[in-house]
Amino acid sequence: MAFPTPAPPAGTAAVTSRRPFRLAVPPVSGFLRPRLVAVCVALAVATFLVLCWGVSVGDYPIGLTSVVRALAGQGDAGTLLVVRELRLPRALVGLLTGIAFGVSGSIFQTMTRNPLASPDMIGLTQGAGAAVVAGIVLGWDGGLGPQALGLLGALVTGLLVYLLAWSRGTTGYRIILVGIGLSWIFTSATDYLVAKGGRFQAQAALGWLVGNLNGRGWDQVTPLALAMAVLVPLALTLGRLNRTLQLGDDVAAGLGTPVQRVRFTLLLTGVGLVAFGTAAAGPIAFVALAAPQIAQRLAGTAWPPPVASGLAGALVVLSSDLAARELLPATELPVGIVTGVLGAPILLWLLIRANRAGSGG
């Protein structure tokens with residue numbers, strides 16, 4: 001069954017031309033959007049080039065050709081060691097975290113029909129941060145590291161958002177309002193804990209809170225990759241049902257969508273993506289907010305496309321990490337500082353557009 005597509009938001013191009021297709025094996029049919037495919041290919045190529053560029057930069061510079069050969073397992077032993085063991089894990093954490101944040105942001109923005117809905121705005125990253133800081137300052141880590149605490153904090157926050165937003169069902173509007181309230185509670189708790197802790201504890205907490213790829217290794221890559229191998233296909237499978245929620249709960253239910261079950265599954269999927277991403281790299285600011293909007297404008301679709309959003313998120317994180325390492329000589333900034341500088345103007349732009357459209361309150 002084909003579902004009606006909502007009109008694109010003001011300021012975006014018309015919905016791209018669609019070409020129907022049908023496969024006999026497997027029995028799949030749908031629409032092919034050439035512009036969306038082209039955008040995904042372009043973002044994938046740009047992301048790969050930036051990843052190779054980032055791996056080539058360091059105290060021991062390596063040419064881009066040598067980096068590509070090393071990624072394929074060719075080259076001398078020294079280059080292979082530097083590329084595959086020392087630098088590639090950091091780049092992969094940035095790549096996977098950007099994809100996780102981008103896809104999660106597209107889930108929340110589509111589900112709530114609000115371009116401002118993202119893990120940054122509904123308390124998920126703040127909950128993860130509060131858990132990590134509590135473990136560092138109060139010693140409530142139970143033997144867990146910052147990564148495990150961040151994962152636990154984000155998952156618990158997502159559960160709280162859903163339970164507090166429940167009133168004979170949930171709506172995107174209630175999820176946003178409850179999430180904003182929880183985000184400020186966790187932000188206040190984090191500020192109090194940082195002020196309460198000692199100097200070294202505060203430095204350790206702040207170093208994680210801004211989002212950081214420094215020192216990341218295969219220990220962070222493996223669990224993140226395994227989680228995304230499950231969650232990203234699930235998010236893509238639920239994409240069509242998620243788009244029906246844009247038509248309103250009554251219309252979606254009339255089209256056969258189990259609204260509450262789909263919304264709960266989408267919430268768990270989005271929370272899982274941001275939880276594992278935050279556990280690996282910290283709460284990198286604004287990526288989940290900006291990447292879906294960048295992808296939507298490039299693709300000209302009526303909703304943030306999840307694949308393009310993930311690729312845009314990866315490109316934003318990798319580019320920001322490269323800039324953080326190269327902007328100031330002899331200084332390696334946390335990647336979250338750069339994404340915050342880039343993301344704040346995007347947030348202001350979205351607020352101005354929402355206000356002009358009459359939805360800004």
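A few notes on this one:
- Helices (runs of 4 or more DSSP H) (entirely within the range 37-124) containing at least 3 residues that are surrounded by 22 or more Cβ atoms within 10 Å (Cβ to Cβ): 88-112
- Meets criteria (modelled with pLDDT under 75, touching a helix residue (DSSP H, G or I) at 6+ places or on another chain (Cβ under 9 Å), at positive phi and open to solvent by 40 Å² or more (accessible area, probe 1.4 Å)) for GLY169: no
- Options VAL341, VAL251, VAL271, VAL262: the member that is out of contact with any His (no Cβ under 7 Å at 6 or more places or on another chain) and closer than 25 Å to LEU51 by Cα: VAL341
- Selection of the range 231-240 for residues being open to solvent by less than 40 Å² (accessible area, probe 1.4 Å) and part of a helix (DSSP H, G or I) yields LEU231, VAL232, ALA235, GLY239.
- Qualifying positions in the range 217-229 - in contact with a helix residue (DSSP H, G or I) (Cβ under 8 Å, 6 or more places away or on another chain) and either in a helix (DSSP H, G or I) or over 27 Å from ALA314 (Cβ atoms) (or both): TRP218, GLN220, VAL221, PRO223, LEU224, ALA225, ALA227, MET228
- Evaluation of LEU348 against (1) open to solvent by 20 Å² or more (accessible area, probe 1.4 Å); (2) not in a helix (DSSP H, G or I) (one fails), failing number: (2)
- Among the residues of the range 300-338, the ones that are hydrophobic (A, V, I, L, M, F, W, C), surrounded by 22 or more Cβ atoms within 10 Å (Cβ to Cβ), closer than 21 Å to ALA91 by Cβ and touching a residue at least 24 places away in the same chain (Cβ under 8 Å) come to 10 in all.
- Yes/no for VAL341 being surrounded by fewer than 16 Cβ atoms within 10 Å (Cβ to Cβ) and modelled with pLDDT of 75 or more: yes
Residue-wise test of (1) buried (at least 19 other Cβ atoms within 10 Å of the Cβ); (2) in contact with a Leu (Cβ under 8 Å, 6 or more places away or on another chain).
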| site | (1), (2) |
| --- | --- |
| LEU177 | no, no |
| SER188 | no, no |
| LEU193 | yes, yes |
| ARG216 | yes, no |
| ASP219 | no, no |
| THR222 | no, no |
| ALA229 | no, no |
| ALA252 | yes, yes |
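- Only a single item in (1) in contact with an Asp or Glu (Cβ under 9 Å, 6 or more places away or on another chain); (2) open to solvent by 50 Å² or more (accessible area, probe 1.4 Å) is not met by LEU152, and it is number (1).
- Enumeration of residues in the range 86-116 that are closer than 15 Å to ALA295 by Cα, out of contact with any Ser or Thr (no Cβ under 8 Å at 6 or more places or on another chain) and aliphatic (A, V, I, L, M): ILE99, ALA100, LEU116
- The residues of the range 254-265 that are surrounded by 18 or more Cβ atoms within 10 Å (Cβ to Cβ) and in contact (Cβ under 8 Å) with a residue 60 or more places away in the chain, listed by number, are VAL259, ARG263.
The values are calculated or read from the model by the stated rules, or taken from the named source; none is laboratory data. Here the structure is a predicted model, which means the values were calculated and not measured. Cβ: placed from backbone, ideal geometry, glycine included. Neighbour counts: every protein chain shown. With ligands, DNA and RNA removed, areas are computed over all heavy atoms of the protein, side chains included. Shrake-Rupley method; radii C 1.70, N 1.55, O 1.52, S 1.80 Å.
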